[in-house]
Structures are given as structure tokens and as C-alpha cells.
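Enquirer: First the structure, then my questions, so here it is.
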Amino acid sequence: MRNGDRDISRLVEPDRVHRLCYTDPDIFEQEMERIHESLWVYVGHKSQVKEPGDYYTAQIGRQPMIMVRGKDGEVRVFYNRCPHRGAMLCSDRSGNAGHRFRCSYHAWMYNFDGTVASIPATNGYDGTRMKLAEGDAGLKPAARVDNYRGFYFASLSPDGPDLETFLGGATLTFDQLVDRAPDGDVEVVGDCFRMIQKSNWKIFLENQLDVSHPSATHESTGVAAGQVEREMEKRDGRKAPLAYSFISAFKTPIEDWVKFDTVGHPYGHCFLAGYMGLRPQDPDTVEYETLLKQAHGEEKGEAILSTDLHHVLVYPSLSVQPPLQQLRAIRPLGVDRTLTEIWHFRLKGAPEAIYRRALDYYYLVNSPSTMVNADDLHNFWKCHQGLSTEGGDWVSLHRNYGSDSERDGVLYSAPGTMSEMPLRHMMQAWAGYMGAGDESVGNGSGGG
Ligand code: FES
Ligand SMILES: [Fe+2]
């Protein structure tokens, strides 16, 4: 496929990709159309719109959308545009619209199923070709909306696999999030942090499973946290609170990161196995595990708790850490601007201390104010700057190329390596979506 005078198929090779994939504005427009405005993209969680009239806005590709709960309890997703003269319908990010949406410009009103509720002085449309009775002038819905266990996605294209087929193995991340709750449900807590990264969206996605970066990028942060941890232990004579290990874990030397396997699923989704000891035998964890096993039974409870999963990328819009109830949604704003929404969840029925653990991780590792995030953001910006120069055309994805394996369309990094398989896998998926590769993308691409 050609993009202007660019041949996309020449920009993605099995072990390296061209810098223009990250920096070319025309390619960005094309990937918005073919990826973010076509695939299933995360909109939000059901708990963001609990009551009828609750709405939440979200960007899908270049399209501002509204997720709203109707009086019938149904969650729907519409373009955030009044059909009259095009004004944005909801200018607040979230809220409750009362009995119906009311456009602030000329007071056209819309039901939460998108139909027109009323138009002032309607008789002005008598005899025109706008046929209100035939459904003209309603809100335009997303082509497809579906949810998996309360996590809502929309696709702006009528074509493509259904949500569950698209998610495939990545459904495990939502199962893990929900099944870890003794009461079998989760809810978002408060609002999200929103952060704009001055870099292309793919740079963030690629970083999430890049196990060769933490010991370098986060070295100073991890070492400093380790020192504090040791000093506290010396002073108080007991182990520092678990939250300190969330940061000191980053001082793990590079040779130890080879333990964490990565997996590439069809459609570009990727997993990183667990790396934090989140099953300490402190009284809070013991109480929580007992509750969970009472809820699910010993065998299923143990299976849920021992699932070896730390991080999941749901291509192209989500980075999820189920054991710590964290979720980051990726909203590209421009070729060099990416918004992330940073959410965390409460496990219903779990002790408060387990929630505090998620909150600690949220603040200490994923929030805009943590040093960990600052370390990463600085590198993302530097990558985008460097890739915008003529100092070289190719981005290297060679690490352990040729040694990954494939079973039933799923890719596995070679054990004991820091294989860049997830990065190769996502870029092969990207090329397929962009029309320059196998359309079944990700179905086994990017391996050895
Ligand atoms: S633009 Fe919305 S009512 Fe006129
Ligand atoms: Fe990082």
C-alpha cells in the first residue's frame, strides 16, 4: 500500500522499522483511519456511567465520542456532535445530562438512545426534506459497541471481527481484573489522571513490555528507593511497606530481567509475565486470599491468584496491569502528541488494604508525578526528537530475532532472553492493518 509517495510495506521489515512510521504526519492520518477508527478501541468502564444520563467523553482516533447510559440501562456510544449545526454536544468531560441531552446552541434535545426528543418550533421543518418521524437528525452512533465484563469498546467501522474474537487471549486481562474481586466486580475510583506525552503513540506502547529498559531508564529512581527501604529497615527493625518495593524493583539488574517471558497474541496484543512478588504473607494479603478462595473455591481461587501475568497490551489502545488493578488508555492526538488516561480500580469485596496497594502503585509508578513516569516521558520525548532527524533511518528491533517460537498463532519469546518480540509483533500487526502485510495480522507474524 502506498501512502502519498510512501510505500508502507518498505517501512516495516521483520527486524527493523523505518523512522517515518513514527514521525510522518500522512502516515499518522492513515493509521488513525485504518487502526484507531477501525479496530475495537477502549472507551471506558461501566462504573464511569452508573446511572441513566451519566456520560463520559472519550477520543477514538480523531473522533470525539460520548459514552452514555440510557434510561433502559444500556450503554451506548455516539459522536459528540449535534446533528443540527454541528456543535459539540457535551463540552464537559463527564457528568449527568438529566433526562436527556440538550444542545446549548439552539436547544435541540436528544434521548439517550440517540433519537431526537424535541426541537423548538418544530413546525419550521414541515415540508422540508428533514423527516423527523423517520429518524432524521438523531445522534450518530459508533458503528459497533460491545463490552467484555463491563469494559466497553467501540469500533467506528462496521467491518471486522466481533469484540471477543478480536480480544482473543487478551480477554484474560479483564478476567484477571474482575475475578480478583471477591464480590466478582470492580469499579473505577475517582477520575483518571490525564497526561500528554510529546511523542508518537507507538513509542509508549513499545515501552510497556520493553524489559531491557527499566534497569537503565529507572536506575536512579530504583536505587534511591532501595536506599530508603534499607534505611527504614535499619531504623525500624522491620521490613519497609510493600509500596516501596514498587519503585525499588526498578533497580533489578539487567541480567535478571531475562526471567520475564513475553507472549504475542493475534491482532497485536502482547503479555508480560509477572515480576513482582505480590503474594507476600502479610495479614492483609492472607485475609484477602482467604476471602477470594471463599468466593471462588480453593482451586479456582488459587488459579486466579497464581496467574503469571503482570502487564497486557490490548492493541492499539490499552496498557493494563491486572494484578495491581491499573489501566492506561492511549489516545493519539497527533503524530507527536499522545494522551494517556491513567485509571485504577477497586476490587469489590476486598479489604481496604488491598485497595491501598493499588492506590500506592497508581501514585508511585503510573501517576504523572512519579519519578518513574518522568524517567519514561523524558526518553519518549528524546526518541521522538531523534527519530525526527536525518541521523539514521532505521529503528532496531533485532534483539533475539530468530529465536522466538510460535504455537497455534501465538508467539513466545525465547526463554531467558529479553527478546524484542513484542515490538516486532506489534509492528507486523501495524503493517497488516495499514494494508502492507498479512491482513490476519499479528496471527503469528513477527517471530523468528
Ligand atoms: S447546533 Fe445543536 S441545536 Fe443547533
Ligand atoms: Fe519505564
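Computed from the coordinates by the stated procedures, all read-outs in this text should not be read as laboratory data. Keep in mind that this is a model prediction, so the values were computed, not measured. Heads up, the Cβs are rebuilt from the backbone with ideal geometry, glycines too, and the neighbour counts pull from every protein chain shown.
Enquirer: Which of Trp257, Trp394, Trp108, Trp40 comes first, and how do the rest follow, when ranked by fewest Cβ neighbours within 10 Å?
Expert: Details: Trp257 17, Trp394 13, Trp108 21, Trp40 28.
Going from sparsest to densest Cβ surroundings: Trp394, Trp257, Trp108, Trp40.
Enquirer: What percent of all Cα-Cα pairs in the range 41-148 falls into each 5 Å bin, going from 0 up to the bin containing the maximum distance?
Expert: Result, from short to long distances: 2, 12, 24, 25, 18, 10, 6, 2, 1, 0 percent.
Enquirer: Now for a different question. Specify the inter-centroid distance of the range 290-307 and the range 349-423, based on alpha-carbon positions, in whole Å.
Expert: That distance is 29 Å.
Enquirer: Collect residues whose amide H, placed 1.01 Å from N in the peptide plane, falls under 5 Å from the amide H of Ala117; neighbours closer than 5 in sequence don't count.
Expert: Met109, Tyr110, Asn111
Enquirer: Given H placed 1.01 Å from N in the peptide plane, which residues other than close sequence neighbours of Met88 have an amide H under 5 Å from its amide H?
Expert: Cys82
Enquirer: Okay, next question. Could you tell me what fraction of 2.2 N^0.38 Å the Cα radius of gyration of the range 167-433 comes to, as a two-decimal ratio? Can you show the working numbers first?
Expert: Working: Rg = 18.7 Å, N = 267, 2.2 N^0.38 = 18.4 Å.
For the range 167-433, the normalised Cα radius of gyration is 1.02.
Enquirer: Now for a separate question. Along the Cα→Cβ direction, 7 angstrom out, place labels at Lys131 and Ser220. What is the inter-label distance in nm?
Expert: Here the answer is 6.8 nm between the modelled labels.
Enquirer: Hey, another quick one. What residues qualify as long-range amide H neighbours of Gly95, i.e. H under 5 Å apart, gap of 5 or more or another chain, H built at 1.01 Å from N?
Expert: Counting only residues 5 or more places away or on other chains, the set is Tyr55.
Enquirer: Could you line up His311, His425, His378 from fewest to most neighbouring Cβ atoms inside 10 Å? Show your work: numbers first, answer last.
Expert: Working: His311 24, His425 32, His378 11.
The order, fewest Cβ neighbours first, is His378, His311, His425.
Enquirer: Give the cross-link partners of Lys234 among the lysines, using a straight C-alpha distance below 20 Å as the criterion and excluding same-chain residues fewer than 8 apart.
Expert: Once the sequence-local lysines are set aside, what remains near Lys234 is Lys251.
Enquirer: Pull the list of the chain cysteines that no other Cys approaches to under 4.7 Å, Cβ to Cβ.
Expert: Cys21, Cys90, Cys192, Cys270, Cys383
Enquirer: Can you work out ³J(HN,Hα) from phi for every residue in the range 308-315, in order, using Karplus 6.51 cos²θ - 1.76 cosθ + 1.60 and θ = phi - 60°, giving whole Hz and x for Gly and Pro?
Expert: Using θ = phi - 60°, the values come out as 8, 8, 10, 8, 10, 9, 9, 5 Hz.
Enquirer: Would you mind checking Lys46/Lys140; Lys202/Lys259; Lys293/Lys348; Lys46/Lys71; Lys46/Lys348; Lys239/Lys259 for any pair whose Cα atoms are more than 19 angstrom apart? Intermediate values should be presented prior to the final figure.
Expert: Values: Lys46/Lys140 21 Å; Lys202/Lys259 25 Å; Lys293/Lys348 14 Å; Lys46/Lys71 14 Å; Lys46/Lys348 14 Å; Lys239/Lys259 25 Å.
Going by Cα-Cα distance, Lys46/Lys140; Lys202/Lys259; Lys239/Lys259 fall outside the 19 Å limit.
Enquirer: Principal axis lengths of the chain from Cα atoms, whole Å, largest first?
Expert: 81, 56, 39
Enquirer: I'd like the Karplus ³J(HN,Hα) series for the range 73-89: coefficients 6.51, -1.76, 1.60, θ = phi - 60°, whole numbers in Hz, and an x wherever there's a Gly or Pro.
Expert: x, 6, 9, 10, 10, 10, 5, 8, 8, 6, x, 5, 10, x, 5, 4, 7
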